[in-house]
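This report refers to the structure that appears directly beneath it.
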Amino acid sequence: MGEATEHYITSSAADGIGTITLAHAARRNALSHGMMDAISAALAGFQQQSVRVVIIAAEPGAKVWSSGHDIGELPVGGLDPLRYADPLEHTLRAIRRFPGPVIAKVQGSVWGGAFDLVLSCDLVVADASATFAITPVNLGVPYNTTGLLHFMGRLRLNVIKELFFTAAPAEAAQALEWGVINWLVPAEEIDAFTLDLARRMAAKAPLAMAVIKEQLRVLSDEVPIAAQTFERLQDMRRLVYDSADYREGVAAFREKRAPRFTGR
Ligand code: YXS
């Protein structure tokens, strides 16, 4: 199927509530450029339709909510894999700037950049099948500073370090305790629960909602950092995404084998 006809999401809107359903099961809803462009376009369309609340979900019964960044699209050869202009980063910004609450309804496993996407949503509702793993150390990816700030805006530092340094999936109950999830509900109730939550927020004053969300985004995302400090961190990241280990991590996934990291 050509890029243009690739089926990534379904989206719908009713009663001021928009729903985006990740629908690329063959690639486990990998956050490919096509998927990201489709989500960003759906959010822009919702804004035109004065949608007040958005729900992002996977298809019913999905074992994988999203397998994260499309590893096949991760650039190797000295290009930043998480640069500002990356479609995934663009979509995270679109979620964080949407002028109303965006709820992540999570059933199934969440991996890598999809965890960042879930934390870029304003609220998270999940059932017991949900797990959350952030995986740059599995591939040798130097996560980006903005992305780390997304985690710091939600989770305690020791929890963030355990998640990043082990890359281990956090089960739903642990994710609730750590603050990843707002509500952990039974699978048979999650649709009705999430819709009720969305309806309650959609009935509130939208202008006040939008300005409060934007103030909270500015207060959590726009942290000043000295220019030379940022440049030093970027230099450190460049050494990592230009390393043999990063190339090995991406190649190992493609070749379906365990990576052999040498620290070079
Ligand atoms: O073999 P085919 O061609 O059928 O393709 C397989 C997988 O290669 C493909 N696929 C992906 N392709 C690109 N990027 C991905 N993230 C990705 N995930 C899966 O989809 C086809 C079916 O996958 P398969 O057979 O493995 O399915 P499964 O049900 O046995 O296992 C589901 C998963 C999610 C456990 C497994 O696919 C998996 O471990 N995927 C990778 C999860 C991951 O490490 N994601 C992090 C991506 S990197 C990222 O997000 C950031 C850059 S960072 O690293 O910084 O977090």
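Each reported figure results from applying straightforward, stated rules to the coordinates on display, with no laboratory input. Only a predicted model underlies this, so the values are computations on that prediction, with no experimental measurement involved. Using ideal geometry, Cβ is built from the backbone for each residue, glycine included, and neighbour counts are taken over all protein chains shown.
Points to keep in mind about this one:
- Pairwise label distance in nanometres, ASP221 with ALA205, each label 7 Å out on the Cα-Cβ vector: 2.4 nm
- Computed over the stretch 1-140, the convex hull of the alpha-carbon atoms projects to a mean area of 8.6 nm².
- Placed amide H near GLY18: partners under 5 Å, 5+ positions off or other chain: ARG52, VAL53, VAL54, ILE55
- Neighbour-count ranking [beta-carbon atoms within 10 angstrom, fewest first] of VAL106, VAL53, VAL159: VAL159, VAL53, VAL106
- Maximal additional length on extending the SER12-PHE165 stretch stands at 51.3 nm, based on 0.36 nm per residue less the C-alpha distance.
- Using R0 = 41 Å, the C-beta based FRET efficiency linking GLN228 and GLU189 works out to 0.20.
- Percentage, to the nearest whole number, of Cα pairs in the chain over 34 Å apart: 15 percent
- Gain in span if fully extended, ALA173 to LEU239, counting 0.36 nm per residue against the direct Cα distance: 20.1 nm
- 3J(HN,Hα) couplings calculated from phi for the stretch 64-69 with the Karplus curve 6.51 cos²θ - 1.76 cosθ + 1.60 (θ = phi - 60°) are, in sequence order, 10, 5, 6, 8, x, 3 Hz; Gly and Pro show x.
- Under-5 Å amide H pairs with ALA23, H placed in peptide plane, nonlocal only: ILE9, THR10
- Gaussian network model of the chain, springs between alpha carbon atoms under 10 Å - residue of LEU43, LEU195, LEU216 with greatest fluctuation: LEU216
- Residues TRP65, TRP111, TRP178, arranged from fewest to most other Cβ atoms within 10 angstrom of their Cβ, appear as TRP178, TRP111, TRP65.
- Antiparallel bridge percentage (DSSP; both residues within the stretch 2-188; nearest 5): 25 percent
- In terms of surrounding Cβ atoms within a 10 Å radius of their Cβ, LYS256, LYS213, LYS105, LYS161 rank from fewest to most as LYS256, LYS161, LYS213, LYS105.
- Spatially proximal aspartates and glutamates relative to LYS63 (Cα-Cα < 17 Å; intrachain offsets below 8 disregarded): ASP127, GLU171, GLU188, ASP191
- For the stretch 74-205, the Kirkwood estimate of hydrodynamic radius, built from reciprocal distances between every pair of different alpha carbons, is 15.6 Å.
- 21 Å tail of the calculated P(r), the stretch 144-264, as % of Cα pairs: 64 percent
- Annotation: extensible slack from GLU59 through HIS90 equals 8.8 nm (criterion: 0.36 nm per residue apart, minus Cα-Cα distance).
- For THR131, the residues whose modelled amide H falls within less than 5 Å of its own, excluding neighbours fewer than 5 places apart on the same chain, are GLY108, SER109, VAL110.
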